[in-house]
Amino acid sequence: MSDSRSLIIRGGQSRRAFLRSAGAVAVFGGAFLVVGCSDDDRKSMPTPVPTRPGQAKLYDRLGGKPAITAVVDAFVANVAADARINKFFANTDIPTLKMHLVNQIGEATGGPEKYTGRDMKTAHAGLMITKADFDALVEDLVKALDQFKVPEQEKMELLGLLGPMEKDIVTA
Ligand code: HEM
């Protein structure tokens, strides 16, 4: 069970441990690149993975596009069911949003996908998203990662990629 697909059936931390680490990573995880930037910004970005010599790319450790797609599907379903923040998405084209999220995560984790959506500042401008809204969304993502039993290491790395986006998304 050492291939990347096994990640979605390994792991098994408690929900509480998951949420605790998610909070810590959302706040402190900043060692990775920020994705979702403009083309100009992206040109100057470092390659995100592998993070250590000899280590497989995070993309592959997560299970590649099928696993990322499954996590994004569950994540968006969790957001849709989350009364704290689902109002934000009332007029959003959900299939397009999912496509952008899969490409964004794929690109950020070292996969072949290319993110073609707007940069994070532009996409969230005017939505008046608070820190509480942001934390709720991260919680919904952690829940999705939990559903697929993504191990602690990969979960922390992924959250570490997304956490630094907060400064461009939270505007209220
Ligand atoms: C790290 C956290 C987040 C990431 C990675 C993220 C990523 C994205 C991406 C890739 C898009 C698509 C951009 C495009 O259409 O060009 C998007 C759109 C959107 N995001 Fe986020 N987002 C995050 C946090 C949030 C939060 C906290 C909220 C609100 C609670 C939110 C609400 C929205 C909405 C409503 C749209 C659609 C805007 C529209 O339809 O025009 N996002 N986000």
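Quick notes on this one:
- Residues satisfying the stated conditions in the stretch 120-133, i.e. more than 8 Å from the ligand (Cβ to nearest atom) and either closer than 14 Å to residue 100 by Cα or among the hydrophobic types (A, V, I, L, M, F, W, C) (or both): 125, 128, 132
- Filtered by the rule that a residue be farther than 24 Å from residue 100 by Cβ and charged (D, E, K, R), the stretch 50-72 gives a lone residue, 52.
- Among the residues making up the stretch 134-150, a single one is near the ligand (Cβ under 10 Å from one of its atoms), aliphatic (A, V, I, L, M) and more than 12 Å from the chain's Cα centre (by Cα): 136.
- Within the stretch 153-172, the set of residues being under 15 Å from residue 88 (Cβ atoms), among the hydrophobic types (A, V, I, L, M, F, W, C) and more than 9 Å from the ligand (Cβ to nearest atom) comprises 172 only.
- Selection within the stretch 100-112: residues that are crowded, with 20+ Cβ neighbours inside 10 Å and more than 19 Å from residue 79 (Cα to Cα). The member of this set that is nearest to the ligand (Cβ to nearest atom) is 108.
- Cβ-Cβ under 7 Å pairs, at least 6 apart or on other chains, the stretch 120-134 side closer than 15 Å to residue 162 by Cα, far side among the hydrophobic types (A, V, I, L, M, F, W, C) and part of a helix (DSSP H, G or I): 120/165; 120/169; 124/169; 134/169
Laboratory data are not the source of any read-out in this text; all were calculated from the coordinates shown. These figures come from a predicted structure and were not determined experimentally. Glycine gets a Cβ as well: all are built from the backbone with ideal geometry, and neighbour counts include every protein chain shown.
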